Amino acid sequence: MKVVSIVGARPQFIKAAPVCRALRQRHDEILVHTGQHYDRAMSGVFFDELGIPAPDVNLGVGSGTHGAQTAEMLVAIEGLLIEIAPDCVLVYGDTNTTLAGGLAAAKLDIPVAHVEAGLRSFDRRMPEEINRVVVDHLSRLLLCPTPTAVENLHREGVTDGVELVGDVMLDTARYHADGPASSEALDAFGVSPRDYFLATVHRAGNSDDPARLAAIVRALTRVGKPVVWPVHPRTAKNLAAFGLESLVREGGDVRMVDPVAYGSTIALLRGAAALLTDSGGMQKEAYFFGVPCITLRDETEWIETVELGWNVLVGADTERIVAAAGDLARPAARPDVYGDGHAAEAIVTALESCFM
Ligand code: UD1
(Lines give C-alpha, C1' and ligand atoms only; values in the text may rest on other atoms or scores of the structure.)
Protein backbone atom coordinates (compact mmCIF):
# COMPACT_ATOMS: atom_id res chain seq x y z
CA MET A 1 0.00 0.00 0.00
CA LYS A 2 1.27 3.50 -0.85
CA VAL A 3 0.22 6.06 1.76
CA VAL A 4 0.79 9.81 1.73
CA SER A 5 0.82 11.20 5.29
CA ILE A 6 0.42 14.95 5.67
CA VAL A 7 1.63 16.86 8.73
CA GLY A 8 2.55 20.47 9.38
CA ALA A 9 1.93 21.62 12.95
CA ARG A 10 3.52 20.63 16.24
CA PRO A 11 0.76 18.36 17.61
CA GLN A 12 0.72 16.43 14.33
CA PHE A 13 4.38 15.46 14.68
CA ILE A 14 3.59 13.94 18.09
CA LYS A 15 0.61 12.01 16.66
CA ALA A 16 2.39 10.86 13.48
CA ALA A 17 5.48 9.45 15.24
CA PRO A 18 3.98 6.07 16.30
CA VAL A 19 1.94 5.73 13.08
CA CYS A 20 5.02 6.26 10.86
CA ARG A 21 6.84 3.60 12.86
CA ALA A 22 4.02 1.06 12.50
CA LEU A 23 3.16 1.90 8.88
CA ARG A 24 6.71 1.65 7.54
CA GLN A 25 7.09 -1.92 8.77
CA ARG A 26 4.81 -3.13 5.99
CA HIS A 27 4.01 -0.26 3.60
CA ASP A 28 5.41 2.66 1.58
CA GLU A 29 4.84 5.98 3.31
CA ILE A 30 5.54 9.34 1.73
CA LEU A 31 5.68 11.93 4.50
CA VAL A 32 4.68 15.46 3.49
CA HIS A 33 5.36 18.47 5.75
CA THR A 34 3.35 21.53 4.74
CA GLY A 35 5.68 23.87 6.63
CA GLN A 36 2.81 25.38 8.67
CA HIS A 37 5.16 25.28 11.66
CA TYR A 38 8.68 26.14 10.59
CA ASP A 39 10.65 27.38 13.62
CA ARG A 40 13.09 24.69 14.70
CA ALA A 41 11.63 24.70 18.23
CA MET A 42 8.14 24.13 16.77
CA SER A 43 9.13 21.52 14.17
CA GLY A 44 12.68 20.16 13.65
CA VAL A 45 13.34 19.23 17.28
CA PHE A 46 10.26 16.98 17.31
CA PHE A 47 11.41 15.04 14.25
CA ASP A 48 14.83 14.47 15.82
CA GLU A 49 13.58 13.65 19.28
CA LEU A 50 10.62 11.43 18.34
CA GLY A 51 12.59 9.61 15.63
CA ILE A 52 10.20 10.64 12.86
CA PRO A 53 11.70 10.05 9.42
CA ALA A 54 12.70 13.27 7.63
CA PRO A 55 9.82 14.53 5.48
CA ASP A 56 10.06 13.35 1.86
CA VAL A 57 8.66 16.71 0.80
CA ASN A 58 8.49 20.05 2.64
CA LEU A 59 6.07 22.46 0.98
CA GLY A 60 7.43 25.43 2.96
CA VAL A 61 4.05 27.16 3.13
CA GLY A 62 4.57 28.99 6.44
CA SER A 63 2.23 31.56 8.00
CA GLY A 64 -0.62 33.55 6.52
CA THR A 65 -4.30 34.28 6.92
CA HIS A 66 -6.43 31.15 7.10
CA GLY A 67 -7.52 31.51 3.47
CA ALA A 68 -4.05 32.20 2.11
CA GLN A 69 -2.34 29.53 4.20
CA THR A 70 -4.91 26.83 3.39
CA ALA A 71 -5.08 27.77 -0.31
CA GLU A 72 -1.34 27.66 -0.77
CA MET A 73 -1.22 24.20 0.84
CA LEU A 74 -4.14 23.01 -1.27
CA VAL A 75 -2.46 23.92 -4.55
CA ALA A 76 0.85 22.33 -3.56
CA ILE A 77 -0.72 19.15 -2.16
CA GLU A 78 -2.92 18.67 -5.22
CA GLY A 79 0.11 18.70 -7.54
CA LEU A 80 1.93 16.25 -5.33
CA LEU A 81 -0.98 13.80 -5.06
CA ILE A 82 -1.44 13.75 -8.82
CA GLU A 83 2.24 12.91 -9.21
CA ILE A 84 2.35 10.25 -6.45
CA ALA A 85 -1.11 8.67 -6.95
CA PRO A 86 -1.28 7.05 -3.49
CA ASP A 87 -3.80 4.42 -2.34
CA CYS A 88 -4.88 6.76 0.45
CA VAL A 89 -4.01 9.98 2.27
CA LEU A 90 -3.60 10.11 6.03
CA VAL A 91 -4.32 13.39 7.86
CA TYR A 92 -4.19 14.22 11.55
CA GLY A 93 -6.18 16.36 13.95
CA ASP A 94 -7.73 19.72 13.17
CA THR A 95 -5.29 22.22 11.74
CA ASN A 96 -5.28 24.06 8.42
CA THR A 97 -2.84 21.38 7.24
CA THR A 98 -5.50 18.73 7.96
CA LEU A 99 -8.12 20.66 6.00
CA ALA A 100 -5.88 21.27 2.98
CA GLY A 101 -4.72 17.63 2.87
CA GLY A 102 -8.22 16.22 3.22
CA LEU A 103 -9.77 18.54 0.66
CA ALA A 104 -7.05 18.12 -1.97
CA ALA A 105 -7.29 14.31 -1.73
CA ALA A 106 -11.09 14.11 -1.67
CA LYS A 107 -11.38 16.26 -4.82
CA LEU A 108 -9.01 13.87 -6.60
CA ASP A 109 -11.09 10.93 -5.40
CA ILE A 110 -8.20 9.62 -3.33
CA PRO A 111 -9.57 8.11 -0.09
CA VAL A 112 -8.87 10.12 3.05
CA ALA A 113 -8.21 8.55 6.46
CA HIS A 114 -8.54 10.95 9.40
CA VAL A 115 -6.70 10.29 12.65
CA GLU A 116 -8.50 11.89 15.62
CA ALA A 117 -11.86 11.91 13.84
CA GLY A 118 -15.12 12.79 15.60
CA LEU A 119 -13.89 15.36 18.11
CA ARG A 120 -16.17 18.31 18.68
CA SER A 121 -16.09 21.43 20.83
CA PHE A 122 -19.46 22.52 19.36
CA ASP A 123 -17.98 26.01 18.99
CA ARG A 124 -17.91 27.04 15.34
CA ARG A 125 -15.89 30.17 16.18
CA MET A 126 -12.86 27.91 16.58
CA PRO A 127 -11.01 27.46 13.27
CA GLU A 128 -10.15 23.94 14.44
CA GLU A 129 -13.85 23.03 14.77
CA ILE A 130 -14.50 24.01 11.14
CA ASN A 131 -11.50 21.95 10.06
CA ARG A 132 -12.66 18.89 12.03
CA VAL A 133 -16.23 18.93 10.77
CA VAL A 134 -15.24 19.41 7.13
CA VAL A 135 -12.49 16.77 7.16
CA ASP A 136 -14.68 14.21 8.92
CA HIS A 137 -17.33 14.61 6.24
CA LEU A 138 -14.71 14.18 3.50
CA SER A 139 -13.10 11.09 4.98
CA ARG A 140 -13.59 7.48 3.95
CA LEU A 141 -11.98 6.10 7.13
CA LEU A 142 -12.64 7.88 10.44
CA LEU A 143 -10.17 6.80 13.10
CA CYS A 144 -11.70 7.77 16.43
CA PRO A 145 -9.78 8.07 19.71
CA THR A 146 -12.78 7.69 22.07
CA PRO A 147 -16.36 6.36 22.17
CA THR A 148 -17.51 10.00 22.52
CA ALA A 149 -15.94 10.74 19.13
CA VAL A 150 -17.80 7.78 17.58
CA GLU A 151 -21.09 9.07 19.03
CA ASN A 152 -20.45 12.59 17.72
CA LEU A 153 -20.06 11.20 14.19
CA HIS A 154 -23.16 9.05 14.46
CA ARG A 155 -25.13 12.11 15.51
CA GLU A 156 -24.01 13.84 12.29
CA GLY A 157 -25.09 10.82 10.24
CA VAL A 158 -21.53 9.60 9.64
CA THR A 159 -21.56 5.84 10.27
CA ASP A 160 -19.59 4.23 7.41
CA GLY A 161 -15.86 3.74 7.94
CA VAL A 162 -15.96 4.77 11.61
CA GLU A 163 -13.38 2.86 13.69
CA LEU A 164 -12.56 3.20 17.39
CA VAL A 165 -8.77 2.82 17.54
CA GLY A 166 -7.74 4.67 20.73
CA ASP A 167 -5.54 7.72 21.08
CA VAL A 168 -2.19 7.90 19.30
CA MET A 169 -0.92 10.49 21.78
CA LEU A 170 -1.00 7.76 24.41
CA ASP A 171 1.21 5.62 22.15
CA THR A 172 3.76 8.45 22.00
CA ALA A 173 3.54 9.15 25.73
CA ARG A 174 4.06 5.47 26.63
CA TYR A 175 6.89 4.99 24.14
CA HIS A 176 8.88 8.05 25.12
CA ALA A 177 7.90 8.62 28.74
CA ASP A 178 7.82 5.22 30.35
CA GLY A 179 9.58 5.00 33.69
CA PRO A 180 10.39 7.71 36.21
CA ALA A 181 10.29 11.34 35.10
CA SER A 182 13.68 12.95 34.60
CA SER A 183 14.50 15.87 36.88
CA GLU A 184 16.81 17.59 34.37
CA ALA A 185 14.09 19.75 32.86
CA LEU A 186 12.93 20.86 36.31
CA ASP A 187 16.51 21.71 37.29
CA ALA A 188 16.94 23.68 34.07
CA PHE A 189 14.00 25.88 35.02
CA GLY A 190 14.93 26.01 38.72
CA VAL A 191 11.69 24.42 39.97
CA SER A 192 10.98 21.55 42.40
CA PRO A 193 8.48 18.70 41.97
CA ARG A 194 4.84 19.68 42.76
CA ASP A 195 5.91 23.21 43.65
CA TYR A 196 5.16 24.94 40.35
CA PHE A 197 2.54 25.15 37.62
CA LEU A 198 3.07 24.51 33.91
CA ALA A 199 1.14 26.85 31.58
CA THR A 200 0.54 26.95 27.81
CA VAL A 201 -1.64 29.37 25.81
CA HIS A 202 -2.03 29.45 22.03
CA ARG A 203 -5.71 29.20 20.98
CA ALA A 204 -6.76 32.07 18.74
CA GLY A 205 -9.75 32.70 21.05
CA ASN A 206 -7.34 33.50 23.91
CA SER A 207 -4.14 34.72 22.30
CA ASP A 208 -5.74 37.04 19.73
CA ASP A 209 -8.07 38.67 22.29
CA PRO A 210 -6.32 41.35 24.42
CA ALA A 211 -8.88 41.17 27.27
CA ARG A 212 -8.80 37.36 27.56
CA LEU A 213 -5.01 37.21 27.26
CA ALA A 214 -4.62 39.92 29.94
CA ALA A 215 -7.04 38.07 32.26
CA ILE A 216 -5.01 34.86 31.87
CA VAL A 217 -1.67 36.61 32.46
CA ARG A 218 -3.08 38.31 35.59
CA ALA A 219 -4.21 34.92 36.90
CA LEU A 220 -0.76 33.39 36.30
CA THR A 221 0.80 36.09 38.51
CA ARG A 222 -1.63 35.20 41.34
CA VAL A 223 -1.60 31.39 41.54
CA GLY A 224 0.79 31.31 44.51
CA LYS A 225 3.56 29.16 42.98
CA PRO A 226 6.11 29.71 40.21
CA VAL A 227 4.66 29.24 36.71
CA VAL A 228 6.79 27.82 33.88
CA TRP A 229 5.27 29.13 30.66
CA PRO A 230 6.71 27.98 27.31
CA VAL A 231 5.31 30.71 25.07
CA HIS A 232 3.92 29.79 21.63
CA PRO A 233 5.21 32.16 18.89
CA ARG A 234 1.71 33.44 18.14
CA THR A 235 1.17 34.30 21.83
CA ALA A 236 4.63 35.89 22.12
CA LYS A 237 3.83 38.21 19.21
CA ASN A 238 0.49 39.18 20.73
CA LEU A 239 1.83 39.76 24.24
CA ALA A 240 4.22 42.28 22.69
CA ALA A 241 1.61 43.79 20.34
CA PHE A 242 -0.96 44.26 23.13
CA GLY A 243 1.67 45.64 25.56
CA LEU A 244 0.98 42.85 28.08
CA GLU A 245 4.56 41.78 28.83
CA SER A 246 4.80 44.30 31.66
CA LEU A 247 1.85 42.62 33.47
CA VAL A 248 4.09 39.61 34.05
CA ARG A 249 6.54 41.74 36.01
CA GLU A 250 3.87 43.18 38.29
CA GLY A 251 3.77 40.23 40.66
CA GLY A 252 4.02 36.49 41.12
CA ASP A 253 6.76 34.39 39.55
CA VAL A 254 5.93 33.76 35.89
CA ARG A 255 8.86 32.33 33.93
CA MET A 256 8.25 32.87 30.22
CA VAL A 257 10.46 30.59 28.14
CA ASP A 258 10.78 29.58 24.48
CA PRO A 259 8.76 26.54 23.28
CA VAL A 260 10.26 23.35 24.72
CA ALA A 261 10.88 19.93 23.17
CA TYR A 262 8.59 16.92 23.76
CA GLY A 263 10.66 15.16 26.44
CA SER A 264 11.13 18.35 28.46
CA THR A 265 7.44 19.22 28.14
CA ILE A 266 6.44 15.82 29.47
CA ALA A 267 9.00 16.03 32.29
CA LEU A 268 7.74 19.51 33.24
CA LEU A 269 4.17 18.25 33.08
CA ARG A 270 4.82 15.19 35.25
CA GLY A 271 6.52 17.31 37.91
CA ALA A 272 3.91 20.08 37.98
CA ALA A 273 1.33 20.68 40.72
CA ALA A 274 -1.11 21.23 37.85
CA LEU A 275 -1.28 22.20 34.17
CA LEU A 276 -3.00 25.41 33.05
CA THR A 277 -3.66 25.18 29.33
CA ASP A 278 -5.85 25.87 26.33
CA SER A 279 -4.19 23.10 24.32
CA GLY A 280 -6.30 20.09 23.38
CA GLY A 281 -3.57 17.47 23.46
CA MET A 282 -2.05 18.58 26.75
CA GLN A 283 -5.35 18.11 28.61
CA LYS A 284 -5.04 14.43 27.77
CA GLU A 285 -1.32 14.23 28.49
CA ALA A 286 -2.07 15.60 31.98
CA TYR A 287 -4.67 12.84 32.39
CA PHE A 288 -2.24 10.14 31.17
CA PHE A 289 0.19 11.15 33.92
CA GLY A 290 -2.32 11.90 36.67
CA VAL A 291 -1.64 15.65 36.76
CA PRO A 292 -4.60 17.95 37.56
CA CYS A 293 -5.62 20.05 34.57
CA ILE A 294 -7.16 23.54 34.55
CA THR A 295 -8.42 24.36 31.06
CA LEU A 296 -8.45 28.01 30.01
CA ARG A 297 -11.46 27.54 27.74
CA ASP A 298 -15.23 27.33 28.10
CA GLU A 299 -15.57 23.94 26.42
CA THR A 300 -13.41 20.94 25.57
CA GLU A 301 -13.30 18.16 23.00
CA TRP A 302 -11.84 15.86 25.67
CA ILE A 303 -14.95 15.78 27.79
CA GLU A 304 -13.96 12.52 29.53
CA THR A 305 -11.19 14.35 31.43
CA VAL A 306 -13.83 16.69 32.90
CA GLU A 307 -16.46 14.00 33.54
CA LEU A 308 -13.89 11.89 35.39
CA GLY A 309 -13.01 14.84 37.62
CA TRP A 310 -9.44 15.41 36.42
CA ASN A 311 -9.99 18.60 34.43
CA VAL A 312 -11.92 21.81 35.16
CA LEU A 313 -13.02 24.39 32.58
CA VAL A 314 -12.44 27.95 33.80
CA GLY A 315 -12.41 30.05 30.63
CA ALA A 316 -10.25 33.17 30.70
CA ASP A 317 -11.70 34.35 34.03
CA THR A 318 -8.95 35.50 36.42
CA GLU A 319 -10.84 34.68 39.62
CA ARG A 320 -11.94 31.22 38.44
CA ILE A 321 -8.41 30.37 37.31
CA VAL A 322 -6.92 31.43 40.66
CA ALA A 323 -9.62 29.51 42.58
CA ALA A 324 -9.03 26.36 40.50
CA ALA A 325 -5.28 26.59 41.14
CA GLY A 326 -6.06 26.54 44.87
CA ASP A 327 -8.25 23.44 44.65
CA LEU A 328 -6.26 20.58 43.15
CA ALA A 329 -8.01 17.62 44.80
CA ARG A 330 -8.68 14.93 42.19
CA PRO A 331 -10.33 11.47 42.35
CA ALA A 332 -8.27 8.32 42.86
CA ALA A 333 -9.60 6.57 39.74
CA ARG A 334 -8.18 7.23 36.28
CA PRO A 335 -9.72 4.67 33.89
CA ASP A 336 -8.11 3.89 30.48
CA VAL A 337 -10.57 5.90 28.38
CA TYR A 338 -7.94 6.65 25.71
CA GLY A 339 -7.21 3.03 24.79
CA ASP A 340 -4.24 0.80 25.49
CA GLY A 341 -1.36 2.75 23.91
CA HIS A 342 -1.47 0.66 20.70
CA ALA A 343 -3.62 2.94 18.55
CA ALA A 344 -0.98 3.13 15.79
CA GLU A 345 -1.15 -0.63 15.10
CA ALA A 346 -4.95 -0.45 15.07
CA ILE A 347 -4.75 2.41 12.54
CA VAL A 348 -2.48 0.41 10.20
CA THR A 349 -4.81 -2.61 10.43
CA ALA A 350 -7.83 -0.41 9.64
CA LEU A 351 -6.02 1.12 6.63
CA GLU A 352 -5.19 -2.38 5.35
CA SER A 353 -8.72 -3.67 5.61
CA CYS A 354 -10.16 -0.53 4.01
CA PHE A 355 -7.71 0.25 1.18
CA MET A 356 -5.83 -2.94 0.21
C1 UD1 B 1 -2.01 25.73 14.89
C2 UD1 B 1 -3.38 25.03 14.75
C3 UD1 B 1 -3.88 24.58 16.11
C4 UD1 B 1 -2.82 23.80 16.86
C5 UD1 B 1 -1.55 24.64 16.95
C6 UD1 B 1 -0.45 23.94 17.71
C7 UD1 B 1 -4.76 25.86 12.90
C8 UD1 B 1 -5.96 26.64 12.54
N9 UD1 B 1 -4.38 25.93 14.18
O10 UD1 B 1 -2.23 26.97 15.56
O11 UD1 B 1 -5.02 23.78 15.93
O12 UD1 B 1 -3.27 23.47 18.16
O13 UD1 B 1 -1.12 24.93 15.62
O14 UD1 B 1 0.66 24.77 17.91
O15 UD1 B 1 -4.19 25.20 12.05
N16 UD1 B 1 4.42 30.87 14.03
C17 UD1 B 1 5.79 31.05 14.19
N18 UD1 B 1 6.61 29.98 14.05
C19 UD1 B 1 6.13 28.73 13.77
C20 UD1 B 1 4.74 28.56 13.60
C21 UD1 B 1 3.90 29.64 13.74
O22 UD1 B 1 6.25 32.16 14.46
O23 UD1 B 1 6.93 27.79 13.66
C24 UD1 B 1 3.51 32.04 14.16
C25 UD1 B 1 2.98 32.41 12.80
O26 UD1 B 1 3.72 33.38 12.21
C27 UD1 B 1 1.57 32.89 13.11
C28 UD1 B 1 1.21 32.18 14.38
O29 UD1 B 1 2.40 31.64 14.93
O30 UD1 B 1 1.56 34.28 13.35
C31 UD1 B 1 0.15 31.14 14.15
O32 UD1 B 1 0.63 30.02 13.43
P33 UD1 B 1 -0.40 28.97 12.76
O34 UD1 B 1 0.31 27.77 12.32
O35 UD1 B 1 -1.20 29.68 11.77
O36 UD1 B 1 -1.41 28.60 13.92
P37 UD1 B 1 -1.15 28.15 15.43
O38 UD1 B 1 -1.58 29.25 16.32
O39 UD1 B 1 0.22 27.59 15.66
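The values are calculated or read from the model by the stated rules, or taken from the named source; none is laboratory data. On a predicted model such as this, the values are computed, not experimentally measured, just so you know. Every residue, glycine as well, gets a Cβ built from its backbone with ideal geometry; the counts of neighbours run over all protein chains shown. Please note that ligands, DNA and RNA were not included when accessible areas were found on the heavy atoms of the full protein model with its side chains. Shrake-Rupley method; radii C 1.70, N 1.55, O 1.52, S 1.80 Å.
Please find, within the range 248-274, the residue that is farthest from S207 (Cα to Cα) out of those that are among the aliphatic types (A, V, I, L, M) and within 15 Å of the ligand (Cβ to nearest atom).
Of the residues in the range 248-274, the ones among the aliphatic types (A, V, I, L, M) are 248, 254, 256-257, 260-261, 266-269, 272-274.
Adding the requirement that they be within 15 Å of the ligand (Cβ to nearest atom) leaves 260-261.
Details: V260: 19, A261: 21 Å.
The qualifying residue farthest from S207 (Cα to Cα) is A261.
Taken over the range 230-247, the criterion of being small (G, A, S) and either part of a helix (DSSP H, G or I) or near the ligand (Cβ under 8 Å from one of its atoms) (or both) is satisfied by A236, A240, A241, S246.
Just one of the listed residues (G339, G309) is in a loop (DSSP other than H, G, I, E, B) and either in contact (Cβ under 8 Å) with a residue 60 or more places away in the chain or surrounded by 15 or more Cβ atoms within 10 Å (Cβ to Cβ) (or both), and it is G339. Of the residues making up the range 190-201, not a single one is modelled with pLDDT under 95 and either assigned to a helix (DSSP H, G or I) or under 30 Å from A113 (Cβ atoms) (or both). Picking from residues in the range 192-225 that are within 13 Å of the ligand (Cβ to nearest atom) and small (G, A, S), the one that is surrounded by the fewest Cβ atoms within 10 Å (Cβ to Cβ) is A204.
Just the residues that are open to solvent by less than 10 Å² (accessible area, probe 1.4 Å) and either within 11 Å of the ligand (Cβ to nearest atom) or within 12 Å of the chain's Cα centre (by Cα) (or both), please, taken from the range 8-30.
Within the range 8-30, the subset open to solvent by less than 10 Å² (accessible area, probe 1.4 Å) is 8-9, 12-13, 16-20, 23.
G8, A9, Q12, F13, A16 - these are the residues of the range 8-30 that are open to solvent by less than 10 Å² (accessible area, probe 1.4 Å) and either within 11 Å of the ligand (Cβ to nearest atom) or within 12 Å of the chain's Cα centre (by Cα) (or both).
Among the residues in the range 81-88, are any of a type in the set (G, A, S) and outside any loop (DSSP other than H, G, I, E, B)?
Let us first name the residues in the range 81-88 that are of a type in the set (G, A, S), namely 85.
If we keep only those that are outside any loop (DSSP other than H, G, I, E, B) as well, we get none.
For the range 81-88, residues of a type in the set (G, A, S) and outside any loop (DSSP other than H, G, I, E, B): absent.
For the range 95-114, the condition of being acidic (D, E) and either crowded, with 23+ Cβ neighbours inside 10 Å or touching a residue at least 12 places away in the same chain (Cβ under 8 Å) (or both) holds for none of the residues.
Filtering V61, V91 for residues that are part of a strand (DSSP E or B) and either within 15 Å of the ligand (Cβ to nearest atom) or buried (at least 19 other Cβ atoms within 10 Å of the Cβ) (or both) leaves a single hit, V91.
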